[in-house]
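Here's the structure, in C-alpha cells; my notes come after.
The values are calculated or read from the model by the stated rules, or taken from the named source; none is laboratory data. None of the values given here were measured: they were computed from a predicted structure. Virtual Cβ from ideal backbone geometry, glycine too; neighbours counted across all protein chains shown.
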2 protein chains.
Amino acid sequence: MIDWAAQVDQLLLLLRNVRPMGGPGVDLLVDGGRIAEVGERLPAPTGATVVDGRGQLALPGLVDAHAHLDKTLWGLPWRPHTAGDGLAALIENEHQGRAELAEAGVTVAQRAANLLGAYVAAGTTHIRSHVDVDTVAGLDSLHGVLETRAAFADRITVELVAFPQSGLLVRPGTAELLEAAAREGADLIGGLDPAGFDHRPVEHLDTVFAIADRHGRGLDIHLHDGGELGAFTLDLIIERTRALGLAGKVTVSHAFALAEVPGPRLERLIEGLASAGVSLTTVAPGSRPPLPLAFLRAAGVAVGLGSDGIRDLWSPWGDGDVLARAALLAWRAGARRDEDLAAALEVATSGGAAVLGLPDYGLDPGCAADLVLVPATTLGEAVVTHPPRTLVLKSGRIL
Amino acid sequence: MIDWAAQVDQLLLLLRNVRPMGGPGVDLLVDGGRIAEVGERLPAPTGATVVDGRGQLALPGLVDAHAHLDKTLWGLPWRPHTAGDGLAALIENEHQGRAELAEAGVTVAQRAANLLGAYVAAGTTHIRSHVDVDTVAGLDSLHGVLETRAAFADRITVELVAFPQSGLLVRPGTAELLEAAAREGADLIGGLDPAGFDHRPVEHLDTVFAIADRHGRGLDIHLHDGGELGAFTLDLIIERTRALGLAGKVTVSHAFALAEVPGPRLERLIEGLASAGVSLTTVAPGSRPPLPLAFLRAAGVAVGLGSDGIRDLWSPWGDGDVLARAALLAWRAGARRDEDLAAALEVATSGGAAVLGLPDYGLDPGCAADLVLVPATTLGEAVVTHPPRTLVLKSGRIL
C-alpha cells in the first residue's frame, strides 16, 4: 500500500486540551502527518493551526476490521429485504439484486463511496473490506472498490480481501479469480465456511492458503460454522498458519464456534490461535452468541470489530459508525462498568489495528496522526452515547 | 386514572397525507382528542388546524410497558457504573447511590421529569413504570413519581407498579408498604423473583396476589429466574391468575425462562399463559436470550416492549426512545425482512397497549388521538433508522 502520510504536506497542528483515551487533558502537536509531541501546555510553533479540544476525548482513528464496501446500498432509498432464509438463498438474492442495480446504472464504486463518506464522518480511519469475487461478476466489484479506494486515499485507508462469497470449490473457476484478484491489488485472500458451505474443508483451505502464500498475501476467512464443525475448521486454519509461517497474517472472521464449544475445547482453541498468531474479527452479531472476549484478550489473541455488510442485500442494519457498533458489542456482552465499556472500544480501535497489522497506530509521539474527538467525559460514556464526532484527523489533516 | 382526553378542549385537527402503519396515504381528522375520521381527501372543517403529513408514517403512540422512572439519572452528568455483579450487589449499590442523590438534593420527581420529557419527544404516549417500594425509602419514590405523573398528565399516560425491588419476604414490612402504595395510587402490585431472590416462591406470590385482589389491582412481576426455576414460577403465577379470575390483569416481566426451557415445556407454558390471560413484557435484553415472540404471538399472549431502567444505578444504557428499543428487539431476533422488523414495532405499540389494557388504542375512528409521525417509507425502515419524530399527538394535542 502507498504510504499516504509521507505525501501529506508539512501540516502543523496544535490540538489543545484533549484527553487521550479519557486520560488527563494534554496538548497534542501534529507535524507532517504524525503525532510529534504530547504534553501539557505545549508552545505553539510558528505557523501552526491551533484547535481547542475543550477537554474532549481523543481516540485513535476507529478501525472497521470487517466490512463489505461493495455490497452496500447506503445512500439509496430503503429497499425491503427480499432474501429467503439460509446462506444459499442470501447468495442467490444478492446475485439478483446486483443485476438490478447494474441495470439501473448504480455502480459499485458509487455505492462504496457513499458508505466511505459515512465512515469518514464518524472517525473511521482504517477499514478492511471483503470484496466479492465470483464467476458471475468476476473482478468487477474489486475494480469498483479499488477505484473508490483511490478516490478516498487521503481520508481513509482501505485494505481489500478477495472474497469467494458464492463458494470456492462449488464454483469452479473461482480459485483462478482469487489468484487474479491478488495480482490486481487485493491485499488478502478470503474464504467462506470451508466445511459448512463448500463441503470440502481441507481442499478449500489448502487452495486459499496456497494462493496467499504464492502472492505473499494474508488471509481472512469467513467462518460461520458453529460448534465442533467450526472448531475443527479452526484447527485446520491454525495448522496451516503454522506450517506456512503466516503468524500475524491470518484472520478468522465471525468464528461463532468459539461462542459455542465447551470450556476445555475453547481453552485448546484459544491456545492454538494465540500460539499460531491467528487473529479474529467479530461484527457484534445480534442473534448469535458473542465471542469470549475476555479469554481472548488474556491469551493475546487480537480481535477487531467490524460492521459487516451495511444496508445491503444481506441485511438492512448498520450505519457506518464503528463507535455505535462498539456500543452494540458492549451491550450484547452485558457491559455496564466503564472499564467493560472501554474494552469494547479497544476492540474497535487497537484490536482492529492489531488485526490489520498497523505499525504506527495510537496516540503516542511517532504514531500516524489518525484521531477522532468525541464529546464525552469517559470512554464508557463515549461508547454508550456515541455522539457525533467533532473532529476527525487522517494523517494530520482535518477532514 | 383520570380521563384526560375528556378534559381536552375541543381540538380540531386535520392531518393530511399520512400513512397509518405504512399503508396508503390518507387524511386523519382529530376532534376532541379522538380520531374522528380516516379517509382520502377529507374536507377541512371550519376552524380546523391543517397539518401536511407529507406522506410520513403514522404510528399509534409508542408504549413503554416496562420502565423504572424513579431510578433514572437521565439529564444528570455521566456516572460510571459502580455496582458489583449479581442482584444483591446491584440493590446495595442503588441504596448507596440514592442516598448520595438525596444528599445532593436531586429529587425523584425531577429525575423522572427529565426522562418523561425524552419519552414524550420520542412519541411515547403510554408508560407502565415500576416504582421501588422498600423499608429504607418507604413510599418516597412513589410520591415523587406521582407528582411527576400529575405534571405530565396531558402529555403522557403513566401507570405505576408498586415494586418490592429490595425483596418482599426477606424485608419484613415490605408487604405492608405495598398495601399502602395501593391505597396511595399505585395501579398495580409488583413482585421480584419469588424463588431466586425471595427464596419462598409460594408465599411471595400468595402475598402479592392477595394484596392485588384486596385492592382490585393488577400485578406485574419481575421474573429473571431462568430455566426450570423460572418455568415453575410461571406455573404458580398461571395457577393464581386462574384461581382469582385475574385474566388480563397479570403481567410477567422479563420471563427469561421462556427463552431457555426445551420446546415441549415451552408449549405447555405458552398454553398456560394464553388460557389464563397472563401477558408478558420484554426489554429486549442484550445479554440474555430473546423471547420466542412468534410462538407467543401465534398463541395470543400479549407481549409489550419496555426500556427497563434508563441511565440509572443498574445500567448506563437506554435513552427513552421506544422505537430505538424496538430496533434492538428486532436486531437481537435477527430480523431482516420488513414484516419481521414490523413485528418488533407491533410489540412496541399494540403489544404494549394490550398489556396495559388500553381500550381505545390505535389509528381507527373512535380511538384516542395518540399518534406519532415518522419520516420513513416502510415500518421496517422506521425500526432500523428510528429517525427523530416529526410530530407527536397526545389526546389530539400537538406536543
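Structure data summary
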| quantity | calculated |
| --- | --- |
| Candidate set: segment A:127-174, residues that are under 30 Å from A:Y361 (Cβ atoms) and of a type in the set (K, R); chosen: the one nearest to the chain's Cα centre (by Cα) | A:R128 |
| Boolean, B:V301 is crowded, with 24+ Cβ neighbours inside 10 Å and of a type in the set (A, V, I, L, M) | yes |
| Criterion violated by B:L329 - all others in (1) among the aliphatic types (A, V, I, L, M); (2) surrounded by 24 or more Cβ atoms within 10 Å (Cβ to Cβ); (3) more than 13 Å from chain A (Cβ to nearest Cβ); (4) under 16 Å from the mean Cα position of the chain (by Cα) satisfied | (3) |
| Residues located in segment A:101-145, provided they are in a strand (DSSP E or B) and farther than 25 Å from A:A175 by Cβ | A:T124, A:T125, A:H126, A:I127 |
| Residue check for B:A294: within 12 Å of chain A (Cβ to nearest Cβ) and either at pLDDT 95 or above or on the phi > 0 side of the Ramachandran plot (or both) | no |
| Unmet criterion (only one of (1) within 12 Å of chain A (Cβ to nearest Cβ); (2) in contact with a Gly (Cβ under 7 Å, 6 or more places away or on another chain); (3) in contact (Cβ under 8 Å) with a residue 60 or more places away in the chain; (4) within 30 Å of B:G227 (Cα to Cα)) for B:G304 | (1) |
| Residues of segment A:252-286 satisfying the condition of being assigned to a loop (DSSP other than H, G, I, E, B) and more than 14 Å from chain B (Cβ to nearest Cβ) | A:A255, A:V261, A:P262, A:G277 |
| Matching residues, segment A:337-351, being surrounded by 24 or more Cβ atoms within 10 Å (Cβ to Cβ) and closer than 19 Å to A:A369 by Cα | A:L345, A:A348, A:T349, A:G351 |
| So A:D85, is it within 14 Å of another protein chain (Cβ to nearest Cβ) and of a type in the set (D, E, K, R) | yes |
| Residues of segment A:156-174 classified as touching a helix residue (DSSP H, G or I) at 6+ places or on another chain (Cβ under 8 Å) and surrounded by fewer than 19 Cβ atoms within 10 Å (Cβ to Cβ), total | 1 |
| Exclusive hit being among the hydrophobic types (A, V, I, L, M, F, W, C), assigned to a loop (DSSP other than H, G, I, E, B) and in contact with a strand residue (DSSP E or B) (Cβ under 8 Å, 6 or more places away or on another chain), set B:A65, B:A44, B:A58 | B:A44 |
| Selected residue (only one of A:L42, A:L101, A:L29, A:L90 is surrounded by 14 or more Cβ atoms within 10 Å (Cβ to Cβ) and touching a residue at least 40 places away in the same chain (Cβ under 8 Å)) | A:L90 |
| For A:G396: the one exception among (1) out of contact with any strand residue (DSSP E or B) (no Cβ under 6 Å at 6 or more places or on another chain); (2) at pLDDT below 95; (3) not aliphatic (A, V, I, L, M) | (1) |
| Failed item, numbered, when B:S129 is tested on (1) in contact with an Asp or Glu (Cβ under 9 Å, 6 or more places away or on another chain); (2) farther than 29 Å from B:L234 by Cα | (2) |
| Of residues in segment A:346-399 being within 19 Å of A:R325 (Cα to Cα), in a loop (DSSP other than H, G, I, E, B) and within 14 Å of another protein chain (Cβ to nearest Cβ), the one nearest to the chain's Cα centre (by Cα) | A:H386 |
| Residue within segment B:268-275 that is in the same structural domain as B:A348 (by TED's automatic domain parsing), touching a Gly at 6+ places or on another chain (Cβ under 9 Å) and of a type in the set (V, I, T) present | no |
| Of the criteria (1) crowded, with 21+ Cβ neighbours inside 10 Å; (2) not in a loop (DSSP other than H, G, I, E, B), which one A:F197 fails | (2) |
| Residue under evaluation B:P289, criteria (1) within 14 Å of another protein chain (Cβ to nearest Cβ); (2) outside any helix (DSSP H, G or I); (3) at pLDDT 95 or above, criterion not met | (3) |
| Matching option when the condition is in contact (Cβ under 8 Å) with a residue 60 or more places away in the chain, buried (at least 19 other Cβ atoms within 10 Å of the Cβ) and either among the hydrophobic types (A, V, I, L, M, F, W, C) or not assigned by TED's automatic domain parsing to the domain that holds B:G167 (or both), among B:A122, B:A109, B:A113 | B:A122 |
| Segment B:69-82: number of residues that are more than 9 Å from chain A (Cβ to nearest Cβ) and either more than 24 Å from the chain's Cα centre (by Cα) or not polar (S, T, N, Q) (or both) | 8 |
| Members of segment A:212-258 found to be under 21 Å from A:P290 (Cα atoms), surrounded by fewer than 20 Cβ atoms within 10 Å (Cβ to Cβ) and touching a strand residue (DSSP E or B) at 6+ places or on another chain (Cβ under 9 Å), listed by number | A:H224, A:F256 |
| Of all residues making up segment B:332-345, the number that are in a helix (DSSP H, G or I) and at the interface with chain A (Cβ under 7 Å from one of its Cβ atoms) | 2 |
